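Pasting a structure here, questions to come.
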Amino acid sequence: MNSAGKERIRTNLSLDKEAKEKARKIFEKYGLSLSEAVNIFLYQSIYSKGIPFRIEIPNKETVKAMENVRKGKNLEEVTLDQLKEESKQCLK
């Protein structure tokens, strides 16, 4: 049992190695272990009676754009100033 009186079980998960390490570093910044973060996800799933965030299937255009990015095709350089200006335009 943990400090909250909840019974604990050990389980095995098959995770993407790179994703696990990147996520672990993020959770560490919040003072969370990977186990604690997974438990948060589980409880949020219970509370929302589903996955606690939107999951969308990308359309064909988005899939093609993602493939191009992975291949380094059709990319254009954008400066931080350009992004800031575009974000200002979106807020108008």
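Every number in this text was worked out from the coordinates using simple rules, so none of it is lab data. Note that the structure is predicted; figures quoted are calculated from it, not measured. Ideal geometry is used to build each Cβ from the backbone, glycine not excepted, and the neighbour counts take in all protein chains shown.
Size of the dipole of the chain about the Cα centre, Lys and Arg at +1 and Asp and Glu at -1 on the beta carbon, nothing else charged, in debye to 20?
Computed about the Cα centre, the dipole is about 320 debye.
Separate question: Packing-wise, with mean Cβ within 10 Å as the measure, how do 56-69, 30-43 rank, highest first?
Those peptides, ordered most packed to least, come out 30-43, 56-69.
Give me the angle, in degrees from 0 to 90, between the Cα long axis of helix 80-91 and the longest principal axis of the Cα atoms of the chain, rounded to the nearest 10.
Helix 80-91 sits at roughly 80 degrees to that axis.
What distance in nm separates the simple spin-label points at Phe53 and Ala37, each placed 7 Å from Cα in the Cβ direction?
Going by the 7 Å Cα→Cβ label model, 1.0 nm.
Further question: Please report, for the Cα atoms of the chain, the Rg to one decimal and the Dmax as a whole number; what are they, in angstrom?
19.6, 55
Determine ³J(HN,Hα), in whole Hz, for all residues of the stretch 39-46 in sequence, where each value follows from phi through the Karplus function 6.51 cos²θ - 1.76 cosθ + 1.60 and θ = phi - 60°; x replaces Gly and Pro.
For the stretch 39-46, the Karplus-derived couplings read 5, 4, 4, 4, 5, 5, 5, 5 Hz, x marking Gly and Pro.
Let me ask you something else. If you add up the charges near Glu18, with Lys and Arg at +1 and Asp and Glu at -1, over every other residue whose beta carbon is less than 12 angstrom from its beta carbon, what do you get?
With Lys, Arg at +1 and Asp, Glu at -1, the net is +3.
Could you state the angle between the C-alpha long axis of helix 17-29 and the longest principal axis of the C-alpha atoms of the chain, as a value from 0 to 90 degrees rounded to the nearest 10?
80
Hey, another quick one. Where in the stretch 51-67 is the amide nitrogen less than 19 Å from a point lying 7 Å along the Cα-to-Cβ axis of Ile26?
51-58
What lysines could a cross-link reach from Lys64, if we take a straight Cα to Cα line under 21 Å and drop same-chain neighbours fewer than 8 places away?
Lys73
What does the helix-only formula give at 222 nm for the chain: each DSSP H stretch with n ≥ 4 adding -39500 (n - 2.57), the total divided by the residues, and the result rounded to the nearest 500 deg cm²/dmol?
The helix contribution divided over the chain gives -18000 deg cm²/dmol.
Tell me, in nm to one decimal, what length is gained between Lys84 and Glu67 on full extension, where the rule is 0.36 nm per residue of separation less the Cα-Cα distance?
Answer, rounded to one decimal: 3.5 nm.
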